[in-house]
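Novice: Following this message is one structure expressed as structure tokens.
The values are calculated or read from the model by the stated rules, or taken from the named source; none is laboratory data. Not measured: the values here are computed from a predicted model. Here the Cβ is made from the backbone with ideal geometry for all residues, glycine too, and neighbour counts use every protein chain on show. When the accessible area is computed, the model is the full protein with side chains, heavy atoms only, and any ligands, DNA or RNA have been set aside. Shrake-Rupley method; radii C 1.70, N 1.55, O 1.52, S 1.80 Å.
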Amino acid sequence: SLNMSEWSYCNFSSSFRQHGRQAVGPGPPVMVCLDLDQFYVQVHRRQDPTLMGLPVGVAQNHELACVSYEARRCGLHNRCLVADAKVRCPGMKMVPCNMDAIQAASAEFFDFVRAWTGMDVERGSIDEAFLDLTPLLMVKSPGNQ
């Protein structure tokens with residue numbers, strides 16, 4: 001089962017009219033974005049805890065689909081070329097991208113968010129969820145019941 005402490009999640013932000021969403025009541029809709037940072041790395045670290053704390057790159061074809069914060073300190077970033085990464089960060093642990101594990105973890109994350117919030121979750125990407133908080137924030141008043 002999913003334990004949120006295993007995930008490095010961040011980038012909570014409000015976004016209006018995201019994905020063409022229409023307001024439920026007066027005013028613009030209030031959306032929250034849950035974006036799991038370094039998601040691919042975290043999935044692989046969950047499978048192999050010896051990768052914790054090390055610079056890690058998840059290789060997909062000839063580029064890195066994702067790099068850890070430790071690898072970012074070497075000047076690496078997501079989608080950089082594997083050949084460049086080997087030069088910039090020779091001690092980096094490179095792991096092949098396991099899309100089956102990533103897709104399974106993504107489904108687990110979305111199921112967790114739905115169960116925890118009881119809300120509809122709009123999928124932005126494999127590691128990004130949007131929640132419409134507008135109904136929770138609407139104040140009941142005579143004109144807004």
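Novice: Across segment 121-145, which residue is surrounded by the most Cβ atoms within 10 Å (Cβ to Cβ) among those that are at pLDDT 85 or above and part of a loop (DSSP other than H, G, I, E, B)?
Specialist: D127
Novice: Next up: Looking at segment 103-120 only, could you name the residues that are on the phi < 0 side of the Ramachandran plot and either part of a loop (DSSP other than H, G, I, E, B) or exposed (fewer than 15 other Cβ atoms within 10 Å of the Cβ) (or both)?
Specialist: So the first thing to find is which residues in segment 103-120 are on the phi < 0 side of the Ramachandran plot, and the list is 103-117, 119-120.
Those that are on the phi < 0 side of the Ramachandran plot and either part of a loop (DSSP other than H, G, I, E, B) or exposed (fewer than 15 other Cβ atoms within 10 Å of the Cβ) (or both): Q103, A104, A107, E108, D111, R114, A115, W116, M119, D120.
Novice: Something else now. Residues M31, M4: which one is modelled with pLDDT under 95 and either on the phi > 0 side of the Ramachandran plot or open to solvent by 10 Å² or more (accessible area, probe 1.4 Å) (or both)? Write out each step before concluding.
Specialist: Numbers: M31 fails: either on the phi > 0 side of the Ramachandran plot or open to solvent by 10 Å² or more (accessible area, probe 1.4 Å) (or both).
M4 is the lone residue from the list that is modelled with pLDDT under 95 and either on the phi > 0 side of the Ramachandran plot or open to solvent by 10 Å² or more (accessible area, probe 1.4 Å) (or both).
Novice: In segment 55-95, what residues are part of a loop (DSSP other than H, G, I, E, B), in contact with a helix residue (DSSP H, G or I) (Cβ under 7 Å, 6 or more places away or on another chain) and open to solvent by less than 60 Å² (accessible area, probe 1.4 Å)?
Specialist: Of the residues in segment 55-95, the ones part of a loop (DSSP other than H, G, I, E, B) are 55, 61-62, 68, 73-80, 89-92.
Now narrow it down to the ones that are in contact with a helix residue (DSSP H, G or I) (Cβ under 7 Å, 6 or more places away or on another chain): 55, 62, 68, 74-76, 89, 92.
If the condition is that a residue be part of a loop (DSSP other than H, G, I, E, B), in contact with a helix residue (DSSP H, G or I) (Cβ under 7 Å, 6 or more places away or on another chain) and open to solvent by less than 60 Å² (accessible area, probe 1.4 Å), then P55, S68, C74, G75, L76, C89, M92 are the ones that fit.
Novice: Next question. Given (1) part of a loop (DSSP other than H, G, I, E, B); (2) within 21 Å of E128 (Cα to Cα); (3) open to solvent by 90 Å² or more (accessible area, probe 1.4 Å); (4) at pLDDT 75 or above, where does D100 come up short, assuming only one miss?
Specialist: D100 satisfies every listed condition except (1).
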